[in-house]
Amino acid sequence: MMMTTTPARPTNKAKILFYSAKPYETEIFTKLNAELSTEAQFKLTFIEAHLCETTVALAKGYDAVCAFVNDTLDSYVLTALKEQGIQIVAMRCAGYNNVDLVTAEALKLPIVRVPAYSPYAVAEHAVTLLLTLNRKIHKAYSRVREGNFTLDGLVGMDLHGKTVGIVGTGKIGAVFTGIMKGFGCKLLAFDPYKNPEVEALGATYVSLPELLNQSDAISLHCPLMEATHHLINAKTLTQLKRGVLLINTSRGGLVETQAIIEGLKQGIIGGVGLDVYEEEGPLFFEDLSCSVIQDDVFSRLLTFPNVVITGHQAFLTKEALSNIASTTLGNVQAILANQPCANSVTTG
Ligand code: NAI
């Protein structure tokens, strides 16, 4: 008996391969793509695998790839993508520190991103970490569930009247500043470029050492680059006000984790709230609950009662996901149609 196979349905739709795809992303991208006009729709494929040297071959036959914060977009991967005919790499995030832009430009491979999708999502998460740490909600939550209603060790401080330092006063830093103003905090800011919106909220721009020295709580909202790598390190640790609460929802590389551990041990740092971690790549976005975590530095961080860590979830609101999806599809559409795209990333 002769076997017949159904020929693949021909399609002119541009094909996008999504690496590191999670169900909540698949859902929103599929929904928004279906809402586009038939001619504008893409053929979307979602895979869980990270983009790296070993998975880059999967992109063969696609027009575009869509990647996320912990995908590898180094020279090897970008060159392989280009050789396979990929016309655009769409980052579905704001940060692009994991992309080798020099190589991308040399290859004439456009890189696009989503510069802003909800500064509220990230700023509100930073505030959540600060409030959790200050009022020890993580400890109280488990105590009450265990039937332990004692309050020893749960003393916090009024945030009202305290000094909050904001490092990086762009879109997210400005929203964070506005929220902290609502708490009645004294606001100090550090950024090479002053934001009039932040000044109008009553924040005073000071030098970084001054901010570190005077703040009762510090929140980092600047991008990761050479100038900001290990902004909080063994040296700057000595400039901190004793007992400071440190929040990082920006990028893990802004803090030298070993220095933070030392600061916690010595009581210089009163608490740390992290949504990002320098070596988060092998850990975050995965279910490792049945595995032994091999990262001893991260494991040490988890042992502190005054450390709260979330796994890079600051962006995770319905509004942000929807904005990410619509902007990403728009970015791909523009580049494939040879139109200018305001969200292109360059070295310049
Ligand atoms: P933005 O570009 O609006 O603001 C960044 C600010 O940092 C700018 O005002 C810039 O002048 C300032 N800056 C640059 N160099 C600095 C330095 N050496 N010291 C202090 N400030 C400096 O960016 P946006 O949208 O506010 O995002 C900030 C960061 O938040 C992103 O770079 C990204 O890494 C992170 N992020 C984290 C997310 C999460 O889910 N955890 C989600 C989205 C963004």
* Cleavage-rule hits (chymotrypsin sites (Phe, Trp or Tyr not before Pro)) in region 160-202: DSSP loop, at most 10 neighbouring Cβ within 10 angstrom -> TYR193
* Asked: According to a simple spin-label model (label point 7 Å from Cα along Cα-to-Cβ), what is the distance in nm between ALA200 and LYS108?
  -> 4.4
* **Selection of GluC sites (Glu not before Pro), region 94-195, meeting DSSP coil and at most 10 other Cβ within 10 Å** => GLU146
* Asked: GNM on the chain, C-alpha springs below 10 Å: top fluctuator among SER207, SER326, SER142?
  -> SER142
* To do: For ASN233 and THR303, calculate 0.36 nm times their separation in residues minus their Cα-Cα distance, and state this gained length in nm to one decimal.
  => 23.2 nm
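What does the net charge come to around HIS221 if you take all other residues with beta carbon closer than 14 Å to its beta carbon, with K and R at +1 and D and E at -1? Intermediate values should be presented prior to the final figure.
Values: positive: LYS171, ARG251; negative: GLU124, ASP191, GLU197, ASP275.
Spelling it out: positives minus negatives among the neighbours equals -2.
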* Between beta-carbons, use under 14 Å as the cut-off and find the net charge around LYS139, counting Lys and Arg +1, Asp and Glu -1. => +2
* Structure fact -> Other residues with Cβ under 14 Å from the Cβ of VAL56 give, with Lys and Arg +1 and Asp and Glu -1, a net charge of -3
* **Loop-resident sites, region 162-240, for trypsin sites (Lys or Arg not before Pro), counting at most 13 other Cβ within 10 Å (DSSP)** => LYS194
* Structure fact -> For LYS82, counting only aspartates and glutamates whose alpha-carbon sits under 16 Å away and dropping same-chain residues fewer than eight positions off, the answer is GLU53, ASP63, ASP74, ASP100, GLU105
* Asked: What whole number of Å gives the distance from the Cα centroid of region 192-212 to the Cα centroid of region 109-134?
  -> 19
* Asked: Semi-axes, largest first, in whole Å: what does sqrt of 5 times each Cα gyration tensor eigenvalue give for the chain?
  -> 40, 23, 19
* Listed highest first by mean packing, meaning other Cβ atoms within 10 Å per residue, what order do 39-50, 304-315 come in? -> 304-315, 39-50
* Nitroxide proxy distance, nm - points 7 Å out along Cα→Cβ at LEU154 and TYR141 -> 1.4
* Asked: Please report, for the Cα atoms of region 119-309, the Rg to one decimal and the Dmax as a whole number; what are they, in angstrom?
  -> 16.4, 50
* For the chain, what's the relative contact order in percent, using C-alpha pairs closer than 8 Å and at least 6 residues apart? -> 17
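Throughout, read-outs are computed from the coordinates displayed, never taken from laboratory work. Note that this is a predicted model, so its numbers are computed, not measured. Methodologically, a virtual Cβ is constructed for each residue, glycine included, from the backbone with ideal geometry; neighbour enumeration extends over all protein chains shown.
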